[in-house]
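**Student:** One structure is given below, represented as structure tokens, and several questions about it will come after.
The values are calculated or read from the model by the stated rules, or taken from the named source; none is laboratory data. Quick caveat: nothing in here was measured; it's all calculated off a predicted structure. Cβ: placed from backbone, ideal geometry, glycine included. Neighbour counts: every protein chain shown. Remember, those area values only see protein heavy atoms, side chains included, never the ligands or the DNA or RNA. Shrake-Rupley method; radii C 1.70, N 1.55, O 1.52, S 1.80 Å.
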Amino acid sequence: MNRWSKTALPGAAWSVAIGIAVLYVIGLCRYSALLFQDYPNHLARACVLADLWFHRGAHFGAAFEFHGIAYPYIVADFLLAPLVQLLGPQGATFAWTALAVLSLPCAMLYYLRATTAPVASRVFIFLIALYLSTDAFFFVGFINFRFSIALTLVALALAQLLRHRYSPTLFAIYCLTVAFGYLMHLAFLVFALVGIGTCGLFRLWRRGTTLRRECILLLPLVASGFWYVISGWLYPITREVIPAHFVRDGLRTKLRQLDWPLIRFNESVDLLFTAAFALLLLMAVRRQLRWAVVGRVHTWEPALLALAFVGLYLALPASVGDPTYIDLRAVPWLPIFAAIWCTSLFTDSSAVNDMGSRVALTGVAVLLVANLGYMCANLSSERAWLWQYRAVLTHIPRSALVLPIYTGVRTPTRRPFLDANAFVVIDRQGVEPYLFSGDQGQPMKYFRYRNRPYAPDKLWYSLTPPRAVDWPAVACTYNFLLVVNPYNAARIGLPTTMIAKNSSATLLAPDRAACRGH
């Protein structure tokens with residue numbers, strides 16, 4: 001009786017966990033992933049592909065083209081475009097948001113089951129993973145990247161199962177997971193190589209595997225990397241030379257940014273949430289924090305994985321050309337491995353597992369409810385801004401050519417509404433020049449503009465020093481200018497007529513006379 005006074009009933013605990021997960025999905029869908037920085041750009045590409053695939057390019061066939069290439073990112077488009085066709089952009093977004101929120105908690109559960117972690121730990125870790133799934137990368141709109149983390153955990157779990165007992169069927173599933181992960185995001189390949197390689201070396205040292213088995217596990221990953229390299233020879237469109245800059249942060253900057261993924265809206269508040277997360281983990285393992293437990297060899301693997309990913313973070317550059325946050329993508333793994341390490345301190349024979357206690361589960365439930373309220377409070381103002389922005393778009397005729405002008409400022413982790421201009425494509429079936437595409441140096445080599453119109457640097461308005469804009473070319477090319485408010489009218493270098501305006505945006509029509517002599 002005393003034990004049940006401290007330990008939550010499994011059925012009741014799972015009911016609460018599932019209820020909280022449903023609240024997260026409903027809450028974030030209500031505020032809509034359409035608000036997140038990069039996501040509208042991806043959704044707009046899915047809308048174009050749905051038109052190309054299912055309507056023979058009725059709206060976008062003259063502006064865009066698709067090439068069937070086995071290349072990173074393509075599998076997400078193959079999933080999202082049919083969802084757009086079936087459910088519409090809003091319905092597809094709801095489904096995509098739910099998958100993005102739940103992918104990490106479900107992958108963590110599978111990993112814990114594959115590694116025979118104590119059953120009493122699973123509800124706690126599921127809820128902890130739900131909190132980690134709403135990190136800065138989620139709100140920056142890197143949804144494919146979030147999926148790659150979940151798929152890497154699944155690959156790590158399958159590798160553990162194959163080390164324990166090889167099965168041709170399980171190996172085939174592992175190979176399919178590797179292929180799927182590679183086609184979702186290139187980061188999967190890097191993460192899986194580092195993770196499976198680190199575990200393999202540790203297991204070889206402990207004589208828990210064989211060199212032949214480890215080579216077999218690495219083979220699909222090496223094959224995927226080889227395919228990525230040779231695809232440049234097989235597909236000429238992937239070989240264009242695009243000027244790129246290489247940026248590497250110093251050690252001090254890297255150490256200062258270790259908390260970056262957990263900073264979403266307000267740094268002070270988010271640091272409080274991070275501290276509460278760490279405190280919950282410590283509270284759940286406080287009885288186990290003694291050398292007799294921590295020093296056991298089987299607890300070292302998650303710690304070694306964390307060290308390997310810290311090394312990856314320190315070694316990677318901050319950006320190479322268009323892709324950014326390259327090194328920071330290794331950092332979300334640190335709290336994940338911290339949670340996994342905590343589960344390794346327990347065994348099924350433990351007399352008490354505090355991760356399953358009512359105190360621990362109540363604590364993490366309170367953290368999650370507070371986190372959801374905090375996110376919704378910040379997203380409500382952003383949703384109101386976006387409604388106003390999209391109201392201006394109703395004045396744009398369908399199929400018009402629009403130049404968006406972004407005048408916003410950067411927060412510590414993102415540029416809010418940077419890709420809101422993609423609603424020109426989503427809402428009005430218009431064309432704007434900033435969709436992610438292979439001809440602009442982005443990794444979506446399979447998706448391209450047929451004849452991309454002239455466009456200045458997307459951030460020209462806020463860059464220092466300012467970037468030049470060929471205003472006569474703008475006047476010759478575009479039907480409308482869509483400017484984020486507030487803005488300095490003197491910086492628009494050609495005569496315009498105001499079509500519509502509200503607190504979020506101004507729609508201008510350029511004077512065609514400015515095109516003369518160009």
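**Student:** Roughly to the nearest percent, how much of the accessible area of the chain is carbon and sulfur, given a 1.4 Å probe?
**Tutor:** On the chain, the fraction of accessible area on carbon and sulfur atoms equals 65 percent.
**Student:** Could you give log10 I(q)/I(0) at q = 0.16, 0.18, 0.21 Å⁻¹ for the stretch 324-380, computed by the Debye formula over C-alpha point scatterers of equal weight, without solvent?
**Tutor:** -0.78, -0.88, -0.97
**Student:** Work out the FRET efficiency for residue 90 and residue 500 from their Cβ-Cβ distance, taking R0 = 22 Å, and round it to the nearest 0.05.
**Tutor:** That pair, residue 90 with residue 500, gives E of 0.45.
**Student:** Can you pull the accessible area of residue 39 for me, 1.4 Å probe, Å² to the nearest 10?
**Tutor:** 0 Å²
**Student:** Based on a Kirkwood Rh over C-alpha pairs, give the Stokes-Einstein translational diffusion coefficient of the stretch 133-282 at 10 °C and viscosity 1.306 mPa s in µm²/s.
**Tutor:** 87 µm²/s
**Student:** Tally the DSSP beta bridges in the chain and give the antiparallel ones as a percent, rounded to 5.
**Tutor:** 75 percent
**Student:** Mean separation of Cα pairs under 8 Å and 6+ residues apart, divided by the residue count of the chain: what relative contact order is that in percent?
**Tutor:** Once normalised by length, the contact order is 20 percent.
**Student:** Further question on the same structure: Can you work out the accessible area per residue across the stretch 289-389, with the rest of the protein chains kept in place, probe 1.4 Å, in square angstrom?
**Tutor:** 40 Å²
**Student:** At most 16 other Cβ atoms within 10 Å plus a DSSP loop assignment makes a site exposed; report the longest stretch of the chain without any exposed trypsin sites (Lys or Arg not before Pro).
**Tutor:** Longest run free of exposed loop sites: 57-164.
**Student:** For the stretch 64-155, taking Cα atoms only, what is the radius of gyration to one decimal and the Dmax to the nearest whole Å?
**Tutor:** Radius of gyration, then largest Cα-Cα span, for the stretch 64-155: 15.3, 52 Å.
**Student:** Return the FRET efficiency for the residue pair residue 230, residue 451: r is the Cβ-Cβ distance, R0 is 30 Å, and the value is rounded to the nearest 0.05.
**Tutor:** 0.55
**Student:** List the aspartates and glutamates whose alpha-carbon lies under 16 Å from that of residue 254, not counting same-chain residues fewer than 8 positions away?
**Tutor:** By straight Cα distance, residue 254 reaches 327.
**Student:** Under 12 Å Cα to Cα from residue 445, which aspartates and glutamates show up? Leave out anything in the same chain fewer than 8 places away.
**Tutor:** Here the aspartates and glutamates satisfying the reach criterion relative to residue 445 are 65, 240.
**Student:** So, one more: Roughly speaking, what is the centre-to-centre gap between the stretch 19-88 and the stretch 383-420 when only Cα atoms are used, to the nearest Å?
**Tutor:** If we compute the Cα centre of each part, the gap is 18 Å.
**Student:** Another question, if that's okay. Compute the orientation-averaged projected area for the stretch 18-88 from the convex hull of its Cα atoms and round it to one decimal in nm².
**Tutor:** One quarter of the hull surface, i.e. the mean projection, equals 6.2 nm².
**Student:** Separate question: How big is the equivalent ellipsoid of the stretch 460-518 along its three axes, where each semi-axis is √(5λ) from the Cα gyration tensor, reported in whole Å from largest to smallest?
**Tutor:** 19, 17, 8
**Student:** Which helices, taking whole DSSP H runs in the chain, have alpha carbons extending 18 angstrom or more along the helix axis plus mean Kyte-Doolittle at least -1.0?
**Tutor:** Span-like helices here: 10-31, 39-54, 74-114, 143-164, 168-184, 186-205, 211-234, 267-284, 300-315, 358-393.
**Student:** How large is the direction-averaged shadow of the alpha-carbon convex hull of the chain, in nm²?
**Tutor:** 26.0 nm²
**Student:** Sticking to Cα atoms, compute the Rg of the stretch 367-518 to one decimal and its Dmax as the biggest Cα-Cα distance, whole number, in Å.
**Tutor:** 16.7, 63
**Student:** Tell me the label-point distance for the pair residue 67, residue 251, using the 7 Å Cα-to-Cβ offset, in nm and rounded to one decimal.
**Tutor:** If labels sit at residue 67 and residue 251, their model points lie 4.3 nm apart.
**Student:** Related question: As a test of the definition: which semi-axes, in Å, follow for the stretch 160-214 when you take the square root of five times each eigenvalue of its alpha carbon gyration tensor? Largest first, please.
**Tutor:** The answer is 21, 15, 6 Å, longest axis first.
**Student:** Next question, about the same structure. Could you tell me what % of all Cα pairs in the stretch 279-431 have separations over 22 Å?
**Tutor:** Result: 65 percent of Cα pairs exceed 22 Å.
**Student:** Taking the C-alpha atoms of the stretch 425-495, how large are the radius of gyration and the largest Cα-Cα span, Dmax, in Å?
**Tutor:** 13.6, 39
**Student:** What whole-number value in Å² describes the accessible area per residue of the stretch 147-205 for a 1.4 Å probe?
**Tutor:** On a per-residue basis, the stretch 147-205 sits at 36 Å².
**Student:** Now for a separate question. Give me the distance between the Cα centres of the stretch 130-200 and the stretch 299-328, rounded to whole Å.
**Tutor:** Computed from Cα coordinates, the inter-centre distance equals 15 Å.
**Student:** Using the alpha-carbon centroid of each, what span in Å lies between the stretch 255-297 and the stretch 449-518?
**Tutor:** Comparing the Cα centres of the stretch 255-297 and the stretch 449-518, I get a distance of 47 Å.
**Student:** Now a separate question. Using only Cα atoms, what Kirkwood radius does the stretch 219-333 have, in angstroms?
**Tutor:** 17.9 Å
**Student:** Still on this structure, please answer the following. Give the list, by residue number, of cysteines in the chain with no other Cys Cβ closer than 4.7 Å, or say none.
**Tutor:** Flagged as lacking a Cys partner: 29, 47, 106, 175, 199, 215, 342, 376.
**Student:** Determine the calculated [θ] at 222 nm for the chain from helices alone, applying -39500 (n - 2.57) to every DSSP H run no shorter than 4 residues and normalising by the residue count; nearest 500 deg cm²/dmol.
**Tutor:** Theoretical 222 nm ellipticity from helices: -18500 deg cm²/dmol.
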